[in-house]
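Accompanying notes for the structure given below.
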Amino acid sequence: MSSLKVESGKQRIKVALKPQHSLLDWIKFSRAANDLSGTGGRLLEVSLEELQSHNSKEDCWLLIKGHVYNVTAFMDYHPGGVDELLRGVGMDSTDLFNSVHRWVNIESMLAKCLVGRLKPGTVVEKAPVNSSS
């Protein structure tokens, strides 16, 4: 395991990925896939209960910038590892995402994983940005 220095002075962990699980491999895989969202191509209006029910490595949805993504297929490609993604399940992961990846175009990178939007008026707890939060 290696770590990278981030602006705040904190360390961020970067895990060793399986062979053929780089960012380029993810791009190739996701472009070839028809539906990584699990919705059959339909965009859903997601309730808090539905978001929170997809909370494991085998079935993981995240809320980022008001959009719900099924990141299950992305788990093994994430350079921070599975545990880092699981920090945000069932919560608004926007601040957590932005603290590490604000330059990443999430809409493009996870386009095939888009489940839909959170139901209007739904209040969602924010994922803590720091591990100790």
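Of the trypsin sites (Lys or Arg not before Pro) found in region 62-133, the ones in coil according to DSSP and having at most 14 other Cβ atoms within 10 Å of their Cβ are Lys65, Arg102. Using the Cβ-Cβ distance between Val123 and Asp35 with R0 set to 25 Å, the FRET efficiency works out to roughly 0.30. Accessible surface area normalised per residue over region 11-122 is 54 Å², counting heavy atoms of protein chains with a 1.4 Å rolling probe. Just to be sure I understand: with springs between alpha-carbon atoms less than 10 Å apart, which residue in Ala33, Ala111, Ala73 has the highest mean-square fluctuation in the Gaussian network model of the chain? Per the Cα network of the chain with a 10 Å cutoff, Ala33 tops the list.
Computed 3J(HN,Hα) for region 115-125, one whole-Hz value per residue from the Karplus formula 6.51 cos²θ - 1.76 cosθ + 1.60 where θ = phi - 60°, is 8, x, 10, 5, 4, x, x, 6, 9, 10, 5, glycine and proline marked x. What number, in percent, do you get for the relative contact order of the chain if the mean sequence gap of Cα pairs under 8 Å and at least 6 apart is divided by its residue count? It comes to 30 percent, rounded to a whole number. In the chain, the DSSP beta bridges split such that about 70 percent are antiparallel, to the nearest 5. In this model, which of Lys28/Lys65; Lys14/Lys57; Lys28/Lys119; Lys57/Lys119 are farther than 29 Å apart at the alpha-carbon? Among Lys28/Lys65; Lys14/Lys57; Lys28/Lys119; Lys57/Lys119, the Cα-Cα distance tops 29 Å for Lys28/Lys119. For Val15 and Gln52, a Förster radius of 22 Å and the Cβ-Cβ distance give a FRET efficiency of 0.30, rounded to the nearest 0.05. Loop-located GluC sites (Glu not before Pro) in region 72-133 (DSSP state not H, G, I, E or B) with no more than 12 neighbouring Cβ atoms inside 10 Å: Glu125. Given a 1.4 Å probe and every protein chain left where it sits, what share in percent of the accessible area of region 49-133 is carbon and sulfur? Ligands and nucleic acids excluded, carbon and sulfur reach 52 percent. The chymotrypsin sites (Phe, Trp or Tyr not before Pro) of region 32-108 that DSSP puts in a loop, and whose beta carbon has at most 12 other beta carbons within 10 Å, are Trp103.
Paramagnetic label reach from Ser99 (point 7 Å along Cα→Cβ; backbone nitrogen cut-off under 17 Å): within region 37-75, residues 63-65. Given R0 = 22 Å, the distance between the Cβ atoms of Ile27 and Lys65 translates into a calculated FRET efficiency of 0.65.
Just going by the charge dipole of the chain, with Lys and Arg at +1 and Asp and Glu at -1 on Cβ, which of Val104, His54, Thr122 is farthest out on the positive end? Looking along the dipole axis, the top candidate is Val104.
The values are calculated or read from the model by the stated rules, or taken from the named source; none is laboratory data. Predicted model, so just to flag it, every value in this text is computed and none were measured. Positions of Cβ are generated from backbone atoms using ideal geometry, with glycine treated the same way; all protein chains shown enter the neighbour counts. Each accessible area value is taken on the protein alone, full model and side chains, heavy atoms only, with ligands, DNA and RNA left out. Shrake-Rupley method; radii C 1.70, N 1.55, O 1.52, S 1.80 Å.
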